[in-house]
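S.K.: Take a look at this one; I'll ask things after.
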Amino acid sequence: MTHEELEEAVPLYAAGALDRAERQALEAHLLSGCQSCHHALKEYQSVASLLSFGLSPMQAPRALKAKILAARNPDPLAIDSSVKEVARPSLEPGEWMNHLFPPIVPARSFSLPWVIGFATLLVVGLGGYLAWTYTSRISQDASKIRLLEASLQEQSTKLATLERDISVRDRALAELQVDAQQKTNDAIELKNQLIEREVELEAARAQLTAAVRGKVPQDELATLLRQPDAKVVTLAGSDIAKRASAVLLFNPTTQKVWLYSANLPECPRGTAYQLWAIDQKPVSGGTFHMDAGETAHLLVKRLPEFEKAKKFAVSLEPAGGRPQPSGPIYLVGQTS
């Protein structure tokens with residue numbers, strides 16, 4: 001019989017429903033040490049012991065007592081001599097151990113109990129030692145596992161921190177590269193603006209030298225043109241005077257403004273051009289007049305508000321000027 005068949009026969013064995021051959025086969029299998037079948041047999045035996053309590057009580061037949069008494073005192077003549085001896089029924093549950101391994105009556109010995117006690121003590125001691133060794137080994141292995149888990153967690157934390165540091169450094173490097181590129185572009189732009197200012201300054205020097213020859217002291221103009229901190233503002237013509245232009249020079253030492261204007265229209269009668277320095281509100285820088293046939297004019301005024309101003313303009317106002325711009329704007333410029 002296979003193990004599955006034997007395992008299926010366990011409940012029948014517990015109920016005493018197996019024939020002799022099947023019972024002996026299962027008992028031999030149990031003696032081989034099958035733990036699962038042993039556990040199953042214990043469970044089914046506990047259930048089989050309760051089966052009788054689940055049956056409904058029934059009243060015995062009236063003829064049952066007479067049959068039992070007749071069976072105890074049978075008539076020898078009624079027994080059929082031809083009937084063969086009935087085979088001995090299968091062993092009851094619990095008798096299979098004695099049947100398979102008949103008990104041997106040992107010789108009477110006084111030292112046997114001591115030997116059995118010593119063997120039992122030895123087995124118990126050996127079992128305890130093995131259990132203690134196994135428990136100690138399990139405890140050591142558990143400690144090693146905890147140490148390994150803690151080390152792994154620490155390494156994971158370090159790795160995460162390193163990844164964050166690398167990410168932060170990459171972002172900082174990218175920002176530095178962008179900042180460096182921006183500063184490079186700003187430097188190139190400033191260099192170009194410086195070149196433009198030098199060109200404008202040279203042009204203004206040439207224009208002023210030609211315009212003021214014989215009108216202003218040459219030494220004062222030469223001093224202004226040689227000063228490295230002299231500021232230059234270029235004014236362009238508006239839509240009503242597109243050909244007009246002007247150059248504004250400021251001397252930080254004397255606080256004087258030199259305005260050289262060219263190609264402005266002739267001033268109508270009773271009007272004059274007025275220079276404005278604009279910060280939050282316009283401040284007058286003086287007036288000048290363009291006569292018929294005049295293409296250029298030089299205005300020299302002291303204007304301390306120049307350094308605060310951000311924009312400059314020239315408008316056409318009534319003669320004598322006004323406190324605020326009221327006429328059309330002819331020239332416009334701003335500081336760089």
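The values are calculated or read from the model by the stated rules, or taken from the named source; none is laboratory data. Computed from a predicted model, the values in this text were never measured in an experiment. For neighbour counting, all protein chains shown are included, and Cβ atoms are generated from backbone atoms with ideal geometry for every residue, glycine included. Just the protein is used for accessible areas: all its heavy atoms, side chains included, with ligands, DNA and RNA removed. Shrake-Rupley method; radii C 1.70, N 1.55, O 1.52, S 1.80 Å.
S.K.: Tell me which helices (runs of 4 or more DSSP H) are completely within segment 1-113 and hold 1 or more residues being modelled with pLDDT of 70 or more, or say none if there are none.
M.R.: 3-14, 20-31, 35-48, 64-72
S.K.: Now for a different question. Out of (1) surrounded by 11 or more Cβ atoms within 10 Å (Cβ to Cβ); (2) under 46 Å from the mean Cα position of the chain (by Cα); (3) modelled with pLDDT of 90 or more, the odd one out for Leu190 is which?
M.R.: For Leu190, the exception is condition (3).
S.K.: Scan segment 233-268 for residues that are of a type in the set (Val, Ile, Thr) and surrounded by fewer than 18 Cβ atoms within 10 Å (Cβ to Cβ) and jot them down.
M.R.: Ile240, Thr253, Thr254
S.K.: Go through segment 231-278 residue by residue and tally those that are in contact with a helix residue (DSSP H, G or I) (Cβ under 7 Å, 6 or more places away or on another chain) and closer than 18 Å to Lys310 by Cβ.
M.R.: 8
S.K.: Kindly indicate whether Lys144 is under 30 Å from Ser336 (Cβ atoms), open to solvent by 100 Å² or more (accessible area, probe 1.4 Å) and either in a helix (DSSP H, G or I) or touching an Asp or Glu at 6+ places or on another chain (Cβ under 8 Å) (or both).
M.R.: When the stated conditions are applied, Lys144 does not pass them.
S.K.: Specify which of the listed residues (Ala272, Ala277, Ala292) is under 60 Å from the mean Cα position of the chain (by Cα), among the small types (Gly, Ala, Ser) and either more than 15 Å from Ala313 (Cα to Cα) or buried (at least 18 other Cβ atoms within 10 Å of the Cβ) (or both).
M.R.: Ala277 is the lone residue from the list that is under 60 Å from the mean Cα position of the chain (by Cα), among the small types (Gly, Ala, Ser) and either more than 15 Å from Ala313 (Cα to Cα) or buried (at least 18 other Cβ atoms within 10 Å of the Cβ) (or both).
S.K.: Could you please let me know if Gly327 is small (Gly, Ala, Ser), part of a loop (DSSP other than H, G, I, E, B), over 60 Å from the mean Cα position of the chain (by Cα) and at pLDDT 85 or above?
M.R.: Answer is yes for this residue.
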